[in-house]
Amino acid sequence: MKNSFTILLLILFCTSIYPSNKIGNQEKVKANRIDTKIILDGKLLENSWNLPAMEQFTQRDPKEGNPPTERTQVWVGYDDEYVYVAAKLHDSNPSEIDASLARRDNWIDSDWFVFYVDPYFDRRTGYYFGVNAGGSLTDGTLYNDSWNDDSWDGIWEAKTNVMEDGWCVEMRIPFSQLRFKESDDMKWGINFQRSIKRNNEEDYFIMVPKEESGFVSHFATLEGLKGIQPKQRIEVLPYLVQKAQYLRHDSGDPFYKGNQYKTTLGADLKLGIGTNLNVDVTINPDFGQVEVDPAVVNLSAFETFFPEKRPFFIEGSNIFSFASGGANNNWGFNFGNPTLFYSRRIGRSPQGNLEGDYVDYPNESRILGAAKLSGKIDETWSIGALSAVTERTYGTSSLGGVLSDIEVEPLTHYGVFRTRKEMNDGKQAVGMIFTSVNRDLRTQELTDILSKQAYTFGVDGWSFLDDEEEYIITAYAVGSYVSGSKEFMQNLQQEPYRYYQRPDKKVAKYDESRTSLTGLYSRVQLNKQKGNFYVNSALGIVTPGFDYNDLGFQWNADKINAHLVMGYRWYEPDSIFRRKWIYAAHAQSYNFDGDNISSFFMTFMNFQFLNYWGLNMQGWHSLPTLNQSATRGGPLVKEPVEYEIYVSGYTDSRKELTSELDFSIAGDAIGGSAYSIGYDLLWKPNSQINVSVGPSYSFRNNRNQWVTNIEDDFAVNTFGNRYIFAELKQETFSGNIRLNWTFSPTLSLQLYFQPLLAIGDYTNLKELAKPSSAEYNRYGENGSTIEYDVSNEEYRIDPDGNGAASEISVSNPNFNFKSLRGNVILRWEVDPGSILYFVWSHDKVNFDDPGELKFGRDFGNLWNSEPNNIFLVKFSYWFNM
């Protein structure tokens, strides 16, 4: 691990000795000091908007480099508290201006004006503030020069006014919402964008050609910001939540009524340290999310990833991202960069067991307090730190009428520290990250299943290889250390991304006496940033012992991976296509035993026609490999040659009725097959309402689906275990139904429902015949017998007939999972930053008739199932002190 860190730092040092010629765009604009009160009404009646305007815009779409079809004028002003942006967007066809309404941060097809600003003047990060002709707002952050994140919600205002010759916009953005390095005469990066829906036109003040890379680095320079002395930034956001829960329950449950109605109080505090750093503190935080997670059916050995939806963790989250900076593309190909900080680990559902006639099991581990520091020390040095403590959590069980409080989650501290230093105007950078989890374990049960402490430490960085910044090399290396009891380490060694217990494993074997585990995760990547021709290549390793799942999200270990991607991109229209690109790739992976566990070729194609319809196609073909997770800890299994073809298409998104269609078909050399089809329809009947419906269907015939493992000393060919598989035919029906009704830019109603039916029918049970093969012994053949016990819903199997092996039983694995979940949310922004929510959350599940599909009956069973209904009112009020 030490050698990997040394090599990484050497690469970055050697490439950083070359000086940078990067100076950004030479265009300079002036911000005017405003001494009179600005009435924010979108009418532009103040004298400040009669000064000379910026109006040298250039088309990027549809005709790159051409003058805009309509004139745009922009002014920037400021006073002691605010930055003001005003724009007059002339239009020769004002009746064609699209002033549709949308929820906050919902970027719909409309006429937009966007203000981009780089207050640190670091040429890599910034903010954007957008408003459409109807007055709907969107905002977010800019990072890594060309990426954006809409999770940040600033407190700012804008007004619009549609007139006979176009429309106008006025923005008022408090200095307190921006992070910058204070000085007597500041310089910021700046850009503007105008979108004209009917033409599919995008005009920029500073237009970056499509074959170039970057965005923020090209901004013009805003001058004239003098004498600004922002006040101390203190923001307080108290909240109140009232919840009523009507849940599925047993009538004798003694805990139900006590949990039915809950009131929660708390507050978030934001404190500015100077003008470039933030401290966020939360007291008794409300981490209950308003939107629901989608239902999924997961038959793999790995955990399902759900995105973060809690505001405290979302805001500024990109500052904690690791290993993804510098390059504008990071291809994974069964490797990917490690997610060292997966914030949903904090406040997660408790992990201890609770048994009894009835149990009162908490849904989450309450967060006693959390604090976060984020921002920049200067324009080249970013820093982020987070500390959170979750309380010792107890559940209550009722057994024979006796109540017992049992600890199900220990007192736990989570910590993250992240920093990065950029050099030579961003041509090089070096960063580091440190994460920690420390638990106060007091019970034997929790000591057996949880780590005592877990740490990761990593460095990452990048360096451009030429003055034109066309080629870049990125690299990172992370070390991990986890310690705990012998019982915990025995479980950790058997995780599905590691499987130390595999009987045919040669390196990093299972050791029941272990009390700690260490490992390394490292990768080096080359990326071509711009131009028509494209290339990307990477080499990565992750050792068997690397573990970061206590605070990260892990699915990968014991792998050596490499890939090569090449392609060509056409940005100029021809007689058929507006733009198109084609990529081809090859990737291979080996484990540390030297087994080839992945090898495939892929091709990607994307075409957009002149009428703005589009077509995407992908093809995938694998070579014979070995699967190290198919037996869930048993020996390797040989995988057949496989293929998949995927096609999707979409229509012009500007129309009242738009749609997307996707289809895939797959198969393998032993007769397995799969196909899927999905259709999304979006209807926009007027400027306030849009309705979308997205049904989908998939079918999968897996010839070798794992069922279970059973110990048997007579299974001598497979190391004393029978690894049982079956043929699985699975059908899945799902749909996404959404209604967005926006009454005004501050009042909206959102409805979302997702029905899901997943039916699995297992047949032809069999066992693996020998390791590292594709050979199976089917039960009921060659002397073995199999019978189905209807009353116990299990298979009774004699694997060798008259032989010495005992009869084994396998529960019927068939399933028929049906789910309906959704919510209705009324959101009212009473004042800027102060929001009132009314929420209804609903879900039903049903498992009747496993393995058998009858659509009408199954949907009826789901509809008649007892639901969970949760009603919630939440109000938060923003104080700017």
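One line per residue, one yes/no per condition, for (1) surrounded by 19 or more Cβ atoms within 10 Å (Cβ to Cβ); (2) aliphatic (A, V, I, L, M); (3) part of a strand (DSSP E or B):
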site: 432; (1), (2), (3): no, yes, yes
site: 446; (1), (2), (3): yes, yes, no
site: 468; (1), (2), (3): no, no, no
site: 476; (1), (2), (3): yes, no, yes
site: 480; (1), (2), (3): yes, no, yes
site: 487; (1), (2), (3): no, no, no
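Going through the stretch 217-245 one residue at a time, which ones are outside any loop (DSSP other than H, G, I, E, B) and loosely packed, with under 14 Cβ neighbours inside 10 Å?
Of everything in the stretch 217-245, those that are outside any loop (DSSP other than H, G, I, E, B) and loosely packed, with under 14 Cβ neighbours inside 10 Å turn out to be 226, 234, 242, 244.
To keep it simple, each residue is scored yes or no on (1) touching a His at 6+ places or on another chain (Cβ under 9 Å); (2) within 30 Å of residue 669 (Cβ to Cβ); (3) exposed (fewer than 15 other Cβ atoms within 10 Å of the Cβ).
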position	(1), (2), (3)
745	no, no, no
778	no, yes, no
792	no, no, yes
814	no, yes, no
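Which one is farthest from residue 581 (Cα to Cα), of the residues in the stretch 520-533 that are out of contact with any helix residue (DSSP H, G or I) (no Cβ under 8 Å at 6 or more places or on another chain) and in contact (Cβ under 8 Å) with a residue 60 or more places away in the chain?
Looking at the filtered set, the residue picked out is 521.
Could you check the stretch 610-649 for strands (runs of 3 or more DSSP E) lying wholly inside it with 2 or more residues that are farther than 23 Å from residue 592 by Cα and open to solvent by 60 Å² or more (accessible area, probe 1.4 Å)?
614-622
Here's a check for you: in the stretch 568-595, which residue that is among the aliphatic types (A, V, I, L, M) and assigned to a strand (DSSP E or B) is surrounded by the most Cβ atoms within 10 Å (Cβ to Cβ)?
587
Given the conditions (1) in contact with a Lys or Arg (Cβ under 7 Å, 6 or more places away or on another chain); (2) at pLDDT 95 or above; (3) open to solvent by 10 Å² or more (accessible area, probe 1.4 Å), report the number of the one that residue 128 does not fulfil.
Residue 128 satisfies every listed condition except (1).
Looking only at residues in the stretch 458-516 that are in contact with a strand residue (DSSP E or B) (Cβ under 8 Å, 6 or more places away or on another chain) and among the charged types (D, E, K, R), which one is nearest to residue 433 (Cα to Cα)?
460
Among residues belonging to the stretch 529-561 that are open to solvent by less than 10 Å² (accessible area, probe 1.4 Å) and either basic (Lys, Arg) or part of a strand (DSSP E or B) (or both), point out the one that is nearest to residue 386 (Cα to Cα).
Applying the filter and picking the extreme gives 542.
Considering only residues that are open to solvent by less than 60 Å² (accessible area, probe 1.4 Å), assigned to a strand (DSSP E or B) and over 30 Å from residue 93 (Cα atoms), which ones fall in the stretch 177-202?
Matches in the stretch 177-202: 186, 188, 189.
Go through the residues of the stretch 687-704 one by one and say whether even a single one is within 30 Å of residue 810 (Cβ to Cβ), among the charged types (D, E, K, R) and surrounded by fewer than 16 Cβ atoms within 10 Å (Cβ to Cβ).
No - not one qualifying residue is present in the stretch 687-704.
Restricting the search to the stretch 134-157, which residues are touching a residue at least 40 places away in the same chain (Cβ under 8 Å), under 30 Å from residue 689 (Cβ atoms) and not polar (S, T, N, Q)?
134, 135, 137, 149, 150, 152, 153, 155, 156, 157
So which residues in the stretch 806-839 are within 30 Å of residue 726 (Cβ to Cβ), among the hydroxyl-bearing types (Ser, Thr, Tyr) and part of a strand (DSSP E or B)?
Once the filter is applied, which keeps residues that are within 30 Å of residue 726 (Cβ to Cβ), among the hydroxyl-bearing types (Ser, Thr, Tyr) and part of a strand (DSSP E or B), the stretch 806-839 yields 809, 811, 819.
Closer than 25 Å to residue 831 by Cα, in contact with a Leu (Cβ under 8 Å, 6 or more places away or on another chain) and at pLDDT below 95: is that true of residue 179 in this structure?
Criteria met by residue 179.
Going residue by residue through the stretch 375-391, is there one that turns out to be part of a strand (DSSP E or B), free of Cβ contacts under 8 Å to residues at least 60 places away in the same chain, farther than 19 Å from residue 259 by Cβ and open to solvent by less than 10 Å² (accessible area, probe 1.4 Å)?
Yes, the conditions are met somewhere in the stretch 375-391.
Which members of the stretch 343-359 meet the condition of being over 19 Å from residue 411 (Cα atoms) and either touching a Leu at 6+ places or on another chain (Cβ under 9 Å) or assigned to a loop (DSSP other than H, G, I, E, B) (or both)?
355, 356, 357, 358
Note down all Cβ pairs under 7 Å where the first residue falls in the stretch 332-351 and is on the phi > 0 side of the Ramachandran plot, the second is open to solvent by 50 Å² or more (accessible area, probe 1.4 Å) and part of a loop (DSSP other than H, G, I, E, B), and they're at least six residues apart or on different chains.
Pairs that qualify, where the first residue is on the phi > 0 side of the Ramachandran plot and the partner is open to solvent by 50 Å² or more (accessible area, probe 1.4 Å) and part of a loop (DSSP other than H, G, I, E, B), are 347/364.
The values are calculated or read from the model by the stated rules, or taken from the named source; none is laboratory data. Worth saying up front: this structure is predicted, and the values here are computed from it rather than measured. So basically every Cβ, Gly included, is an ideal-geometry build from the backbone, and we count neighbours across all protein chains shown. Heavy atoms of the whole protein, side chains included, go into the accessibility calculation; ligands, DNA and RNA do not. Shrake-Rupley method; radii C 1.70, N 1.55, O 1.52, S 1.80 Å.
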